[in-house]
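Q: Next up is a structure, given as structure tokens.
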Amino acid sequence: QVQFVESGGGLVQAGGSLRLSCAGSRTIYHMGWYRQAPGKQRELVASITAGYTTNYVDSVKGRFTISRDSTKKTVFLQMNSLKPEDTAVYYCNAYGELYGWGHGTQVTVSS
């Protein structure tokens, strides 16, 4: 089993930036950042492979950047030009075969 601990969320005004971090209890080769807004299903926002190939959902392309450290245990999500519609609880997990979810980190963007 793997545990994930997300951090870095907060309250920010529209146009602002936040950097999220995710610490995993062991190396996971393909990782993703997910988010769940109130009343909506959880969605994959960004993913990164062991070879550092990245993909993004269209709504965040050009604004969010996913990255990871060399141990592949920590994954980051740099979020710029934040919009109110980015408000959600953000989670990290494997990309593909999911493990148990962490508590997530709340991101709130005010207009």
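Q: Output the number of the condition that Gly104 fails; it satisfies all remaining conditions of (1) on the phi > 0 side of the Ramachandran plot; (2) surrounded by fewer than 20 Cβ atoms within 10 Å (Cβ to Cβ).
A: Going through (1) on the phi > 0 side of the Ramachandran plot; (2) surrounded by fewer than 20 Cβ atoms within 10 Å (Cβ to Cβ) one by one, Gly104 breaks only (2).
Q: What is the one condition in (1) more than 18 Å from Trp101 (Cα to Cα); (2) assigned to a strand (DSSP E or B); (3) touching a residue at least 40 places away in the same chain (Cβ under 8 Å) that Gly15 does not satisfy?
A: Every condition holds for Gly15 apart from (2).
Q: Among the residues of the range 74-97 satisfying the criterion of being within 19 Å of Tyr52 (Cα to Cα) and over 14 Å from the mean Cα position of the chain (by Cα), which is surrounded by the most Cβ atoms within 10 Å (Cβ to Cβ)?
A: Taking the candidates together, the pick is Gly96.
Q: Quick one: in the range 24-38, which of the residues that are among the small types (Gly, Ala, Ser) and either at pLDDT 95 or above or not in a strand (DSSP E or B) (or both) is nearest to Gly51 (Cα to Cα)? Reasoning before the result, please.
A: Our first condition is that a residue be among the small types (Gly, Ala, Ser); within the range 24-38, this holds for 24-25, 32, 37.
Applying the additional criterion that residues be either at pLDDT 95 or above or not in a strand (DSSP E or B) (or both) yields 25, 32, 37.
Details: Ser25: 20, Gly32: 14, Ala37: 30 Å.
Once the filter is applied, the top-ranked residue is Gly32.
Q: Right, next: With (1) of a type outside the set (Lys, Arg); (2) surrounded by 14 or more Cβ atoms within 10 Å (Cβ to Cβ); (3) in contact (Cβ under 8 Å) with a residue 24 or more places away in the chain as the list, and Tyr56 as the residue in question, which single condition is left unmet?
A: Single failed check for Tyr56: (3).
Q: Let me ask something additional. Taking the range 22-38, which residues are open to solvent by 30 Å² or more (accessible area, probe 1.4 Å) and over 15 Å from Glu85 (Cα atoms)? Quick ask: steps written out before the conclusion?
A: Within the range 22-38, the first condition is being open to solvent by 30 Å² or more (accessible area, probe 1.4 Å), and the residues that meet it are 23, 25-27, 29-30, 36, 38.
Of everything in the range 22-38, those that are open to solvent by 30 Å² or more (accessible area, probe 1.4 Å) and over 15 Å from Glu85 (Cα atoms) turn out to be Ala23, Ser25, Arg26, Thr27, Tyr29, His30.
Q: Tell me, which residue of the range 1-17 that is of a type in the set (S, T, N, Q) and under 17 Å from Tyr29 (Cα atoms) is most open to solvent (accessible area, probe 1.4 Å)? If you could, list the steps in order and put the result at the bottom.
A: The first filter runs over the range 1-17 and keeps only residues of a type in the set (S, T, N, Q), leaving 1, 3, 7, 13, 17.
Checking the rest, the ones that are also under 17 Å from Tyr29 (Cα atoms) come to 1, 3.
Values: Gln1: 152, Gln3: 106 Å².
Per the criteria, the residue is Gln1.
Q: If you don't mind, another one. Please count how many residues of the range 27-47 are touching a Lys or Arg at 6+ places or on another chain (Cβ under 8 Å) and closer than 19 Å to Val107 by Cβ.
A: 7
The values are calculated or read from the model by the stated rules, or taken from the named source; none is laboratory data. Computed from a prediction, not measured in an experiment: that's the story for all the values here. Virtual Cβ from ideal backbone geometry, glycine too; neighbours counted across all protein chains shown. Quick note on the areas: whole protein, heavy atoms, side chains included, nothing else; ligands and nucleic acids left out. Shrake-Rupley method; radii C 1.70, N 1.55, O 1.52, S 1.80 Å.
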